[in-house]
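Bear in mind that the values in this text are calculations on the coordinates, not laboratory data. Since the structure is predicted, the reported quantities are computational estimates derived from the model, not experimental observations. Ideal geometry is used to build each Cβ from the backbone, glycine not excepted, and the neighbour counts take in all protein chains shown.
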Amino acid sequence: MRVEPCCQALLAQLLPEVDPQRQGVCIDVGVGTFAFYCQIFAELNFKSLAIEPLPVKALKKLAERSNLTLLPVCLSDQNGEQTLYVGKFAGIFNSNFSSLSPQWFGASSQARKVKTLTLQNLIGQEKIEQITCLKLDIEGWEWAVIKQLENIESYLLPAVVMFEYGGGVNRGQNQKGWTSEFFENTLNILKSLKTLGYGSGILLDFAPDCQEITFDLNQLQTSELDKLFPPKVFTVTLSCSEIIDQKQTSYPRFVNPIIELTFWNGWSTL
């Protein structure tokens with residue numbers, strides 16, 4: 001499945017529906033070197049925040065837009081400075097795999113100090129009053145950010161959350177992005193989102209023969225969440241998969257919006 005085009009097309013349909021007046025901010029955490037979600041957000045006329053510690057020239061050029069702000073920092077669970085381990089894949093340095101976790105399969109021994117902000121400090125610094133979308137692709141560090149949602153005011157909870165999981169091999173091998181540490185963090189994210197009132201979700205995977213999985217966190221027991229990740233199905237190679245969750249409590253008429261959008265956009269054929 002072509003994950004990035006699917007996710008971007010889905011958000012392009014969903015975000016104007018959940019926030020037609022464009023009152024909230026869309027935050028792209030871990031922009032990377034391609035598939036700029038921050039650009040999609042800006043083109044949809046949302047205020048767009050791009051969080052990327054190693055911005056490429058193309059991203060810096062995009063930041064010249066009036067509604068797109070680039071912050072060359074890492075979003076983390078502490079303010080100040082942390083060590084970023086520069087990404088490496090197939091023996092070649094690749095900043096898309098850079099991580100604050102030295103245990104991440106794509107992290108190399110080459111390290112550099114980067115400025116870090118907590119979610120709360122980001123909200124205060126940028127004077128954010130509403131978040132329409134929070135997208136995270138930060139190579140195994142997603143839980144460190146998403147757990148902070150439990151400590152912010154309910155009106156600041158993002159309408160839509162998208163995050164990366166797994167990576168490198170299929171889940172059944174229990175390696176790389178699927179080691180017990182990172183898989184447990186993925187389950188922790190889902191448990192936290194469920195507690196916070198998020199419901200409808202869609203799971204998309206890079207593996208060519210995989211189709212989307214739609215689910216409702218409200219219908220799943222916490223002990224059942226690992227069943228969303230069959231050991232042989234989700235083979236994540238060069239790209240990682242995404243989970244998108246929508247908070248139902250803020251937009252009650254969208255009880256099953258993602259399921260509808262999935263069929264409208266024909267995800268199985270993309």
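Of note:
- For the stretch 92-97, Karplus couplings with θ = phi - 60° (6.51, -1.76, 1.60), whole Hz, Gly/Pro x: 10, 5, 8, 5, 5, 9
- q = 0.19, 0.24 Å⁻¹, the stretch 30-144: log10 I(q)/I(0) [Debye, one scatterer per Cα]: -1.03, -1.47
- Each Cα pair under 8 Å and six or more residues apart adds its separation to the average, and for the stretch 3-269 the resulting relative contact order is 17 percent.
- Electrostatic tally near Glu81: other residues with Cβ closer than 15 Å to its Cβ, Lys and Arg +1, Asp and Glu -1, net +2.
- Radius 11 Å from Cβ of Val160, net charge of other residues (Lys, Arg +1; Asp, Glu -1): -1
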